[in-house]
Amino acid sequence: MTIISNKINAMKILVTGGAGYIGSHSCIELAASNHQVVILDNLCNASPFSVARAEKLAETRFRLLQVDLRDAQAVHQVFERERFDAVVHFAALKAVGESVEQPLDYFDNNVGGSIHLLQAMRAHGCKRLVFSSSATVYGNPDSVPVNEDAPLRVTNPYGRTKLMMEDMIRDTCAADPEFSAILLRYFNPVGAHPSGEIGEDPRGIPNNLMPYICQVAVGRRECLSVFGGDWPTVDGTGVRDYIHVVDLARAHAHAINTLEHAHHAATTLNLGTGQGVSVLQLVRAFEQASGRKVPYEIVARRAGDVAEVYADPQRARDVIGWQATRGVDAMCADAWRWQSQNPDGYISA
Ligand code: NAD
Ligand code: UDP
């Protein structure tokens, strides 16, 4: 498979959603690979403080263009004004429950926004793309670990938008042999930059496990509800493949550097550690890392949940020369540093 050359030329990269959780960490890693980063974000789920702090950590400037991908003309103008060598496309709405209640908003924002982006890229000859997809496209897999050839069966509107965006990119690559794309399917991103300066800052009640644990530990919420204690897993609680956000961010730099030297007609890669961790194992690791108690109670299973999902990450190793290096202890220690230094998120910045 692809061998990455050691020589990496600086590229100018447009990072959509670069002010968000994974995007802000990835901008730092792209800058560390010597690339020039321009962020496009409408700040619908992000704070400009994340960009300012990421700039400080990277010791460079990331220009922030406050543009909405739903505005086709504005997106077109971005590409008219300057030339980009590649795009990393994070911008999307991502809350599963909200997508069930407001499906059209999700199709409009995620699918509609991606159409405008791909149209502008094609019109202006920008032919390299790294795309944020999700393990949610596997739904309830037949077996674990899950590899990229597993059947795709989405179970909610958010997942459907991800699969539609993947399909649009595959079709764009098929129509234009010069268009080159890597589609990254993230498992469960958690943790924060080790400085504690940037991290995940969900609005309202967190949907995901790690931010909920963090808010209980810091005293913003009383008790964690563990969704189900009777799953067919190691201790009866759900098992996932948690991946440190800095490892995930590094994968984007690897993918971009790979696209510089090799053509990829929509290659999909799993990004995970390959290790399954249960809810209670994560709670215990967090208590250890933070020195705080995380009170929990076992409640009914959450609708639509699955017992056990973890990745086979071998293809990412082969294609982009990447593998996760940080374990659960580092994920918890870094998540706690971010949460304890910023108990109310970026609001206190
Ligand atoms: P996030 O909400 O922190 O970041 C997304 C960013 O996109 C935000 O800054 C938001 O303001 C911006 N955005 C949304 N719609 C936009 C629009 N129309 N125009 C311009 N900007 C817009 O989310 P994240 O966790 O960093 O996720 C990044 C990507 O990774 C998303 O595509 C998400 O679906 C995908 N993903 C995330 C997870 C996860 O657990 N965090 C898992 C799998 C996949
Ligand atoms: N979970 C939980 N309580 C919460 C949030 C999540 O017990 O408040 C469990 C959930 O049932 C699953 C695991 O934690 O087994 C990871 O859930 P998350 O929503 O973070 O990721 P996903 O299920 O989307 O992979």
Output the number of residues of the stretch 84-98 satisfying the condition of being at pLDDT below 95 and of a type in the set (G, A, S). 2
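Here are some residues: T237, T267, T273. Which one is β-branched (V, I, T), in contact with an Asp or Glu (Cβ under 8 Å, 6 or more places away or on another chain) and touching a residue at least 24 places away in the same chain (Cβ under 8 Å)?
Numbers: T237 fails: in contact with an Asp or Glu (Cβ under 8 Å, 6 or more places away or on another chain); T267 fails: in contact with an Asp or Glu (Cβ under 8 Å, 6 or more places away or on another chain).
T273 is the lone residue from the list that is β-branched (V, I, T), in contact with an Asp or Glu (Cβ under 8 Å, 6 or more places away or on another chain) and touching a residue at least 24 places away in the same chain (Cβ under 8 Å).
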I'd like to know if the stretch 79-95 contains one or more residues that are within 16 Å of ligand 2 (Cβ to nearest atom) and among the basic types (K, R). yes
Can you go through V328, V245, V226 and tell me which one is β-branched (V, I, T), within 16 Å of ligand 2 (Cβ to nearest atom), in contact with a Pro (Cβ under 6 Å, 6 or more places away or on another chain) and at pLDDT 95 or above? V245
Failed item, numbered, when V190 is tested on (1) closer than 27 Å to M11 by Cβ; (2) touching a helix residue (DSSP H, G or I) at 6+ places or on another chain (Cβ under 7 Å): (1)
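Among the residues of the stretch 292-303, is any modelled with pLDDT under 95 and surrounded by fewer than 17 Cβ atoms within 10 Å (Cβ to Cβ)? So that I can check it myself, show each step before the final result.
Here is the first cut: in the stretch 292-303, the residues modelled with pLDDT under 95 are 302-303.
When the remaining residues are screened for being surrounded by fewer than 17 Cβ atoms within 10 Å (Cβ to Cβ), the result is 302-303.
Yes, the stretch 292-303 has at least one match.
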Show the residue pairs that are 6+ apart or on different chains and have beta-carbon atoms under 6 Å apart, the first residue being within the stretch 17-39 and on the phi > 0 side of the Ramachandran plot, the second being buried (at least 24 other Cβ atoms within 10 Å of the Cβ) and modelled with pLDDT of 95 or more. G17/G23; G17/D41; G17/F90; G17/A91
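Kindly provide the set of residues from the stretch 62-85 that are hydrophobic (A, V, I, L, M, F, W, C) and either part of a helix (DSSP H, G or I) or away from ligand 1 (no atom under 11 Å from the Cβ) (or both), ordered by number.
Of all residues in the stretch 62-85, those hydrophobic (A, V, I, L, M, F, W, C) come to 62, 64-65, 67, 69, 72, 74-75, 78-79, 84.
Matches in the stretch 62-85: F62, A72, A74, V75, V78, F79, F84.
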Any idea which residue in the stretch 304-313 is surrounded by the most Cβ atoms within 10 Å (Cβ to Cβ), counting only those that are acidic (D, E) and modelled with pLDDT of 95 or more? E308
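Could you check, for the stretch 161-175, whether at least one of its residues is more than 23 Å from H252 (Cα to Cα), surrounded by fewer than 22 Cβ atoms within 10 Å (Cβ to Cβ) and modelled with pLDDT of 95 or more?
Keep residues of the stretch 161-175 that are more than 23 Å from H252 (Cα to Cα), which gives 175.
Add one more test, that the residue is surrounded by fewer than 22 Cβ atoms within 10 Å (Cβ to Cβ), and what stays is 175.
This time we only want the ones that are modelled with pLDDT of 95 or more, so: 175.
Yes; the residues of the stretch 161-175 include at least one that is more than 23 Å from H252 (Cα to Cα), surrounded by fewer than 22 Cβ atoms within 10 Å (Cβ to Cβ) and modelled with pLDDT of 95 or more.
So, A333, is that one under 22 Å from the mean Cα position of the chain (by Cα), more than 11 Å from ligand 2 (Cβ to nearest atom) and within 25 Å of V96 (Cβ to Cβ) or not? Don't jump to the end; show me each part of the working.
Working: under 22 Å from the mean Cα position of the chain (by Cα): yes; more than 11 Å from ligand 2 (Cβ to nearest atom): yes; within 25 Å of V96 (Cβ to Cβ): no.
So A333 fails the test.
Take L64 and decide whether it is surrounded by 24 or more Cβ atoms within 10 Å (Cβ to Cβ) and modelled with pLDDT of 95 or more. Break it down into steps so the answer makes sense when it comes.
Working: surrounded by 24 or more Cβ atoms within 10 Å (Cβ to Cβ): no; modelled with pLDDT of 95 or more: yes.
Criteria not met by L64.
So which of Q275, Q288 is surrounded by fewer than 16 Cβ atoms within 10 Å (Cβ to Cβ), more than 10 Å from ligand 2 (Cβ to nearest atom) and of a type in the set (S, T, N, Q)? I'd like the intermediate steps shown before the answer.
On the way: Q275 fails: surrounded by fewer than 16 Cβ atoms within 10 Å (Cβ to Cβ).
Exactly one residue qualifies, and that residue is Q288.
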Return the pairs, sorted by first residue and then second, in which the second residue is away from ligand 1 (no atom under 13 Å from the Cβ), the first residue lies in the stretch 90-103 and is within 9 Å of Y158 (Cβ to Cβ), the beta carbons are less than 9 Å apart, and the residues are 6+ apart or on different chains. L93/Q102; V96/T155; V96/G304; V100/G304
For N140: the one exception among (1) of a type outside the set (D, E); (2) outside any helix (DSSP H, G or I); (3) within 16 Å of ligand 2 (Cβ to nearest atom); (4) under 20 Å from L269 (Cβ atoms): (4)
Which residues, counting only those in the stretch 25-39, are more than 16 Å from the chain's Cα centre (by Cα) and either outside any loop (DSSP other than H, G, I, E, B) or within 14 Å of ligand 1 (Cβ to nearest atom) (or both)? A31, A32, Q36, V37, V38
Checked pairs for the stretch 64-80, first without any contact (Cβ under 8 Å) to a residue 24 or more places away in the chain, second surrounded by 15 or more Cβ atoms within 10 Å (Cβ to Cβ), C-beta under 7 Å and 6 or more apart or across chains, list as A74/V67; A74/D68
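The values are calculated or read from the model by the stated rules, or taken from the named source; none is laboratory data. In this text the structure is predicted, and so the values were computed from the model without any measurement. Methodologically, a virtual Cβ is constructed for each residue, glycine included, from the backbone with ideal geometry; neighbour enumeration extends over all protein chains shown.
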